[in-house]
1. Out of (1) of a type in the set (D, E, K, R); (2) closer than 26 Å to K27 by Cβ; (3) part of a strand (DSSP E or B), the odd one out for R215 is which?
2. So, V291, is that one buried (at least 20 other Cβ atoms within 10 Å of the Cβ) and either at pLDDT below 95 or not in a loop (DSSP other than H, G, I, E, B) (or both) or not?
3. Just for region 80-135: of the residues that are β-branched (V, I, T), within 19 Å of the chain's Cα centre (by Cα) and under 24 Å from T283 (Cα atoms), which one is most open to solvent (accessible area, probe 1.4 Å)?
4. How many of the residues in region 168-200 are of a type outside the set (G, A, S), in contact with a strand residue (DSSP E or B) (Cβ under 6 Å, 6 or more places away or on another chain) and within 17 Å of V241 (Cβ to Cβ)?
5. Looking at S259, is it of a type outside the set (F, W, Y) and either at positive phi or surrounded by 19 or more Cβ atoms within 10 Å (Cβ to Cβ) (or both)?
6. Going through region 193-210 one residue at a time, which ones are modelled with pLDDT of 95 or more, part of a loop (DSSP other than H, G, I, E, B) and open to solvent by less than 20 Å² (accessible area, probe 1.4 Å)?
7. How many residues does region 253-297 hold that are of a type in the set (D, E) and farther than 24 Å from P88 by Cβ?
8. Identify all residues within region 236-277 that are within 23 Å of N202 (Cβ to Cβ), of a type in the set (S, T, Y) and out of contact with any helix residue (DSSP H, G or I) (no Cβ under 6 Å at 6 or more places or on another chain); write none if there are none.
Amino acid sequence: MKRVLFFAVAAALAASTASAAWVYEGKWGSAGSGEGQFDRPCGVAVAPNGNVYVADGRNHRVQYFTSSGSFLGKWGSYGTVNGQFKYPTGVAVAPGGNVFVADTFNGRIQYFTAAGSYLGKWGTQGSGEGQFFSPSGLTIAPNGNVYVADTENHRVQYFTSTGSYLGRWGMYGRRNGEFEVVKKVAVAPNGTVYTTEHGNNNRVQHFTADGSFLRKWGRSGTGDGEFRYPSGIRVSADGRVYVADRDNSRVQYFSPIGSFLGKFGSAGSGNGEFAAPYGVALTATGDRLYVSERDNCRIQYFKDTEFAVAPASLGRVKALFR
């Protein structure tokens, strides 16, 4: 009976975890400050309606587009007042459509309506609870909580959607649960939290929703599962973990527990090539992936050609949980 149940569960999982074969689909953007142009685009996020939001770092603004890159709007300028930014590097969209921005050099989080009307903010420069030192990544949990990669404080903090402090974990170091320049953060559908780190650690760490260490993977290098300055991270609905491996000019993806599944990209400026891929974002269905490129000043998007086409093998299902 147990054996029959195992194969029934495996079959169900296989149907929802078809292997990915990512191919180039399109791109938009160029260097500049005009509409649809970028100067060091960093974070990228997909809204529930499919629109794509980009934290346009050195232009000190947020821009948003249709799913294929048609310009829809922008907001922000250099400064410290509400709705202004100093080098925003992270962006996330809540299920209701509100847009949250890591206003990095102002040491705060701001949030807006889908069209950019200012709603609120929290955080100041510092190392106390609810304070930040160069926050560079944030994400929205299934329960609406906001997790922030508090980069130069080497920790993760989390809050309600209006900024009430809930908790934190991490400190400078190389041991489990410690960080050296925690860069980006992502939450899985089951509420667990993944982080990326620069510096000497060059790894992904995995935690419970309240910061208990679960596992880690990666080290400095160019091989499969190794990283050179991993940045953006996102988790698909089926649990696959996608990482922008910045200085290796590629995206790698893994099972929920870190087994290497695949990669795509190489150095360059052609279609499907990268120069400092920084942010990654997925559609709700998981069949399209967006990548922001800091140095090519553009967004590229890719299609999963095997999405919902062929069921995965039992070996594939086992690999997801190794």
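The values are calculated or read from the model by the stated rules, or taken from the named source; none is laboratory data. Predicted, not measured: the structure shown is a model, and the values here were computed from it. Neighbour counts are summed over all protein chains in view; Cβ atoms, including those assigned to glycine, are modelled from backbone coordinates with ideal geometry. Just so you know, the surface numbers come from the protein's heavy atoms only, side chains and all, with ligands and any DNA or RNA stripped out. Shrake-Rupley method; radii C 1.70, N 1.55, O 1.52, S 1.80 Å.
1. (2)
2. When the stated conditions are applied, V291 passes them.
3. Taking region 80-135 as the starting set, the residues that turn out to be β-branched (V, I, T) are 80-81, 89, 91, 93, 99, 101, 104, 109, 113, 124.
Next, only the ones that are within 19 Å of the chain's Cα centre (by Cα) stay: 89, 91, 93, 99, 101, 104, 109.
Checking which are under 24 Å from T283 (Cα atoms) leaves us with 89, 91, 93, 99, 101, 109.
Values: T89: 6, V91: 3, V93: 25, V99: 0, V101: 0, I109: 0 Å².
Ranking the qualifying residues of region 80-135, first place goes to V93.
4. The qualifying residues number 10.
5. Spelling it out, it is not the case that S259 is of a type outside the set (F, W, Y) and either at positive phi or surrounded by 19 or more Cβ atoms within 10 Å (Cβ to Cβ) (or both).
6. N201, N202, R203
7. 2
8. Answer for region 236-277, where residues must be within 23 Å of N202 (Cβ to Cβ), of a type in the set (S, T, Y) and out of contact with any helix residue (DSSP H, G or I) (no Cβ under 6 Å at 6 or more places or on another chain): S236, Y242, S249, Y253, S266.
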